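Worksheet: one structure, shown below.
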Amino acid sequence: MAISLRISTPMEMPLMPLREVVMFPRAVSPLFVGREGSIKAIKSAIEQYNRQIFLVAQRDSSVARPEEKDLFKVGTVCRILQLLPLPDGTIKVLVEGLHRARWRPSQTFFAPSVGAFGSAPKPSRQDVPDSQAEKEVGDDIQEILQLVRTLPFEEEEAALGQTRVSVEIIHETLEEYGKFNKKITAEVLYAATANKNPGMLADAVAPLLKADYLKKQELLEEAKQARRLDMVFELLQQEVAHAGMDQRIKGRVKSQMERNNRDYYLNEQIKAINKEMGREDDPEAELKELETRLAEKNMPDECREKSMREFKKLRHIPPTAAEYTVVRNYVDWILDLPWNVLKEAEIDLEKAKATLDADHYGLEKAKERILEYLAVQKLVNKLKGPILCLVGPPGVGKTSLAKSVASATGREFVRLSLGGVRDEAEIRGHRRTYVGALPGKIIQSLKRVKFNNPLFCLDEIDKLSVDFRGDPASALLEVLDPEQNHAFADHYLDMDYDLSQIFFITTANSLHTIPLPLQDRMEIIKLPGYLETEKHNIGKHFLMPKQIEAHGLTAGNLRLSDNSLLEVIRSYTKEAGVRGLEREIAGICRKAAMQIVESGDLGKQVAVTCQNLSQFLGVKKFRYGEREEEVRIGVCTGLAYTELGGELLLVETALMPGSGKVSTTGKLGDVMQESASAALSYVRSRSDSFGLRPDFHKDIDIHIHVPEGATPKDGPSAGITLTASLLSALLGLPLRNDLAMTGEITLRGRVLPIGGLREKLLAAHRGLISTVILPKDNEKDLKDVPDEILKGLNLILVSHVDEVLPLALIAGVGEIYPEGRRASPLYLSLRHGTDLDGPRGAAH
């Protein structure tokens, strides 16, 4: 008959939380303690609580500072037997479990200023044999002593008659487990098997098991001794099964190793016997094969001599020596390289031109240079491989153009990305003195391609880095120099290799980060960003068919009108290339595929128009510049160039009563601010011609602003735009809203040429500008502008600011002038349609 026992009486004592450790009654275990709160608890237990302390396990060992909810409700009241301070500030304490108990916090358990126990967990130093140990490493957090009140734990004792068989089985199983676990000594085994009490036996066996601490906590919380004994027996059986399996696996591995050693020994004996009897080729035959291959290899004589010297060295090295592998690998590299092996290809200019045009739209200058090279190569038997550098913004097709060139010229294509390369050995290779040394990436690529005249694309050459391991850009000086690369020295090969037959094409986004000596060795071909018209053609003839096929559609499933495609380019992409456009077209194809699948009609046609485009791509992401709707005083339309294409640039000027202060806003660069100063100086120098007082600027403040203030702007090409905006504000005459201008200004009023004309005219055409004023010196650049852009624009070429103002300012407005200003001759000439008389000013 079971008897209910009430174990322990309530008492107050310090509490110390444990991580992944469960303390059992009558168990003796060492603990490594490092948390400040735990150390205080131990010292307090020794000094004030008769060396008694309450140990309880945390529910989650990863919690650095456990609160009340993070601790189990059942723990063990323990007695501190020994205390040993350690040099690192931690202490080693030996504790003995007394009895189970429940607990509740005392008044000082959770202090608001502290909140919880200990600090973040750190790795344990070591385990203590035959016991569980925990190391709790503290930090600089100040903690106060945590006191708890222990509560009685009611246990249900089992009758000895009911558990006698279970006790005997556990004794037998524990003896069997002791054979596998060497940590269980004979003394520990004897003490455990001598125990006949079910509860005490379970508590004695539990610390010896390698079970998870959560399972051990279940044992600690189990009030029924019979059930606790069954749980211990179950865990003990699992440990015996695991230990037996582990021993069998170790025995099998040991047997396999012995068998392998025996086989190796016998095989070596058989090889020696066969060698003596001549029934098998000896290692010398392999060396003879290498010698034959070296003699037959098509390579320069100097390389053959060096390779034969290495081969003779290989003969005298035992195969088991470490140096044998190094020399053998070196000889293999020499044999695998295509020293004089060239790929023959018939050069057909028409076919090459057709290939380039089929793969890429536009890029006429790059195609022309490549076709010139092919024409010269067709006339000359041998031509050093050219070295081209394609420079342009991302997505314009630099790398894919190089691949098309390889196809058009009949060469193998090799691509090497240099982005982030910071080790010179990536180019020149490592010397053979290093373990695991290899040739550089160029030699490795030639081995892979098996020909010595491929098209080699060095991608992202502008993104090379430099660190303590060398400068890869300097190593490329020899590779990309036609006068030197016929004798390229790789550190691993340690002999010259001819790279002059290789067609090198490098790509870059910018020239600023490429060293000037490296730029000097390459022919720079700049690939500008695609124009809107070019993007339209690429999207219609290249990207649309590609994405329709990639998404399992047919040409009849999707209809995208020209205006819709143009709207995608303008409102959903803002880039120099076409990668973003391809992603947007892919998005339209996905939406169309979804509609077709949902309808169940695979032949359904999905029409995309400007009206329903937002249903496919969402709200518009970008806006493109359009002209002002009304004419305004002080607002002039300029033209700007960016890598993403041209943009309309509005310049606004406002006048206010003041003291002559001039301010410029809109995140203008130094050059653009200097252009504003030059424009103001020009107006002041010609104030009399414009009908202004010589000191007009002293009574007013001038504010010049360029909208889209978050976008940096710089460059001298807004000079005449700034001048026209300033004069419009000073004279009270509005500027035409259908006219745009660009050009640099000097203090004498001359208009100097600008760059990016093609992109600027595209922006004017797109923004519904009808008239564009350009510097006369840019007339030569108009041949690069597509005819469809020039067709809708009225271009006026000027060489002086005086030619700009009558065209830009609108007469007949602003008859009333502010105080201190009289009617200007320029204003009267605009009214009556006459030209200015007299000189252009003292500064001219």
Gap in Å between the Cα centre of region 414-428 and the Cα centre of region 314-331? 29
Please give every one of the lysines within straight-line cross-link reach of Lys306, meaning a C-alpha to C-alpha distance under 25 Å, and leave out same-chain neighbours fewer than 8 residues apart. Lys288, Lys297, Lys441, Lys447, Lys450
Using Cα pairs under 8 angstrom and six or more residues apart, how large is the relative contact order of the chain, in percent? 7
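Which value in deg cm²/dmol, rounded to the nearest 500, describes the helix-derived mean residue ellipticity at 222 nm for the chain, given -39,500 (n - 2.57) per DSSP H run of n ≥ 4 and division by the residue count?
Per the formula, -12000 deg cm²/dmol.
Viscosity 1.002 mPa s, temperature 20 °C: give me the Stokes-Einstein translational D for region 670-756 in µm²/s, with Rh taken as the Kirkwood radius over C-alpha pairs.
On the way: Rh = 13.8 Å.
It diffuses with D of about 156 µm²/s by this estimate.
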Three principal axis lengths of the chain [C-alpha, angstrom, descending]: 130, 94, 67
Region 557-630 and region 761-815: distance between their alpha carbon centers, rounded to Å: 33
Phi angles of region 324-337, converted by Karplus (6.51 cos²θ - 1.76 cosθ + 1.60, θ = phi - 60°) into ³J(HN,Hα) in whole Hz with x for Gly and Pro, give 4, 5, 5, 5, 5, 4, 5, 5, 4, 4, 4, 6, 8, 7
Rounded to the nearest 10 Å², the 1.4 Å probe accessible area of Trp103 is 10
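May I ask which of Lys398/Lys540; Lys546/Lys791; Lys365/Lys760; Lys343/Lys463; Lys365/Lys403 have a Cα-Cα span longer than 23 Å here?
Values: Lys398/Lys540 20 Å; Lys546/Lys791 32 Å; Lys365/Lys760 20 Å; Lys343/Lys463 31 Å; Lys365/Lys403 17 Å.
Table pairs above 23 Å Cα-Cα are Lys546/Lys791; Lys343/Lys463.
Write down the accessible area per residue of the chain in Å², having rolled a 1.4 Å probe over the full set of protein chains. Let's see the in-between values first.
On the way: 42570 Å² over 844 residues.
Dividing the accessible area of the chain by its residue count gives 50 Å².
Counting only DSSP beta bridges with both residues in the chain, what percent are antiparallel, rounded to the nearest 5? Please report the intermediate quantities before stating the final value.
On the way: 59 of 103 bridges.
For the chain, the DSSP antiparallel bridge percentage is about 55.
Where in the chain lies the longest segment free of trypsin sites (Lys or Arg not before Pro) that are both loop residues by DSSP (not H, G, I, E, B) and have at most 10 other Cβ atoms within 10 Å? Could you put the intermediate results ahead of the total?
Values: sites that count: Lys182, Arg279, Lys382, Arg623, Lys791, Arg822.
For trypsin sites (Lys or Arg not before Pro) (loop position, at most 10 other Cβ atoms within 10 Å), the longest site-free span of the chain is 383-622.
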Give me the dipole magnitude in Debye, nearest 20, for the chain about the Cα centre, with unit charges on the beta carbon: positive for Lys and Arg, negative for Asp and Glu. 1080
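Leaving out ligands, DNA and RNA, and with a 1.4 Å probe, what % of the accessible surface on region 369-424 is carbon or sulfur? Before the final figure, lay out the partial values.
Working: 1220 of 2340 Å².
So the carbon and sulfur contribution to the accessible surface is 52 percent.
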Just how far, in whole angstrom, is region 514-546 from region 343-360 if you go by their alpha carbon centroids? 19
So, taking all protein chains as they sit and a 1.4 Å probe, how much accessible area belongs to Thr185, in Å² rounded to tens? 50
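What number, in percent, do you get for the relative contact order of region 364-449 if the mean sequence gap of Cα pairs under 8 Å and at least 6 apart is divided by its residue count?
Numbers: 37 pairs, mean separation 13.5, N = 86.
It comes to 16 percent, rounded to a whole number.
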Over all directions, what mean area does the Cα convex hull of region 715-788 project, stated in square nanometres? 5.4
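The values are calculated or read from the model by the stated rules, or taken from the named source; none is laboratory data. Keep in mind that this is a model prediction, so the values were computed, not measured. Cβ coordinates were reconstructed from backbone atoms using ideal geometry, including for glycine residues, and neighbour counts include every protein chain displayed. Areas reflect the complete protein model, heavy atoms only, side chains present, ligands, DNA and RNA absent. Shrake-Rupley method; radii C 1.70, N 1.55, O 1.52, S 1.80 Å.
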